[in-house]
Amino acid sequence: MKALERLFAEKLLKVKAVKIQPANPFTWASGWKSPIYCDNRKTLSYPALRNFVKLEICRVILEKFGEVDAIAGVATGAIAQGALVAEELNLPFVYVRSSPKDHGLENLIEGELRPGMKVVVVEDLISTGGSSLKAVDAIRRDGCEVIGMVASFTYGFDVSVEAFKKAKVELVTLTNYNAVLDAALKTDYINEEDIPVLQAWREDPSHWTGK
């Protein structure tokens, strides 16, 4: 798994799906300042990389979770990748909205799940884990069993680790923050002087100011 983490991190950096700017931080939708921004949806624009992600997620699902009845993608970032995975595994696919539609059937889950189904959730990125676990709750309320989640990337925040532990959801990711920093350092994307700043942010992202 460590080899995969490093390889995928290198691929994300190569297509600029991950950008690291300690001196010119990004502002997330939450208002947090961040020296890193990850946009895994960019992988969809590169057929070879898109296929790589699909096959690696499929491999993880088959190796870690065994018998699966359906795949669920988390809107919006994991809808496309989740559908590709479901197609490869010849399984039913649904996606979970962040909130119910305000018209029509007012669905929160788009597609059809039957009570008792064993579901693996596909996600693109894990930050605090809040939106991902909301999707898990929705699937459970439908009477299904979430047997695990596979995501492309995690920042590995303590708050997300605890949230997944509390929710009793096994999370497997293709790569992570540490692997990206390692790959970025070895390819001279960043230098040794950047590491303390990047580590400080990961330890307390909600209060980090970039100074």
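Only the coordinates and a few stated rules stand behind these numbers; no lab work does. Because the structure is predicted, anything quoted here is derived from the model rather than measured. So basically every Cβ, Gly included, is an ideal-geometry build from the backbone, and we count neighbours across all protein chains shown.
Between rounded, prolate and oblate, where does the chain land on the alpha carbon gyration tensor, with a ≥ b ≥ c its root eigenvalues, rounded for a/c under 1.5, else prolate if a/b exceeds b/c?
prolate
Figure the gain on full extension for V15 and E162 (residue separation times 0.36 nm, minus the Cα-Cα span) and round it to one decimal in nm.
Stretched out fully, the V15 to E162 stretch lengthens by 49.8 nm.
Ranked from highest to lowest mean number of other Cβ atoms within 10 Å per residue, what is the order of the peptides 128-140, 58-70?
Output ranking for 128-140, 58-70: 128-140, 58-70.
So how tilted is helix 79-89 from the main axis of the chain? Cα-based, degrees 0 to 90, rounded to 10.
Rounded to the nearest ten degrees, it is 60.
Pairing the Cα long axis of helix 158-167 with the longest principal axis of the chain, what angle in degrees results, from 0 to 90 and rounded to the nearest 10?
Tilt of helix 158-167: around 20 degrees.
Please give the peptides 31-37, 21-27 ranked by average Cβ packing (other Cβ atoms within 10 Å per residue), highest first, as a rough proxy for protection.
31-37, 21-27
Restricting to bridges with both residues inside the chain, how much of the DSSP beta-bridge set is antiparallel, in percent to the nearest 5?
If we restrict to bridges inside the chain, about 25 percent are antiparallel.
Using alpha-carbon pairs under 8 Å, 6+ residues apart, how would you state the relative contact order of the chain in percent?
Dividing the mean separation by the residue count of the chain yields 22 percent.
So if I place +1 on the C-beta of Lys and Arg and -1 on the C-beta of Asp and Glu, and nothing else carries charge, what would the dipole magnitude of the chain be about its Cα centre? I want it in debye, nearest 20.
Dipole magnitude for the chain comes out near 200 debye.
What is the extension gain from S131 to E87, computed as 0.36 nm multiplied by their sequence separation minus the C-alpha to C-alpha distance, in nm to one decimal?
13.4 nm
For the range 156-211, rounded, prolate or oblate, judged on the Cα gyration tensor with a ≥ b ≥ c (square roots of eigenvalues), a/c < 1.5 rounded, else prolate if a/b > b/c?
oblate
Test of understanding: what is the full-extension gain from K118 to K186, defined as 0.36 nm times their sequence separation minus their Cα-Cα distance?
That pair, K118 and K186, stretches by 20.4 nm at full extension.
Which shape class applies to the range 49-94: rounded if a/c is under 1.5, otherwise prolate when a/b exceeds b/c and oblate if not, where a ≥ b ≥ c are the square roots of the Cα gyration tensor eigenvalues?
Since a/c reaches 1.5 but b/c is at least a/b, the shape of the range 49-94 is classed as oblate.
In nm, give the distance between the simple-model label positions of R140 and E193, each being 7 Å from the Cα along the Cα-to-Cβ direction.
If labels sit at R140 and E193, their model points lie 4.8 nm apart.
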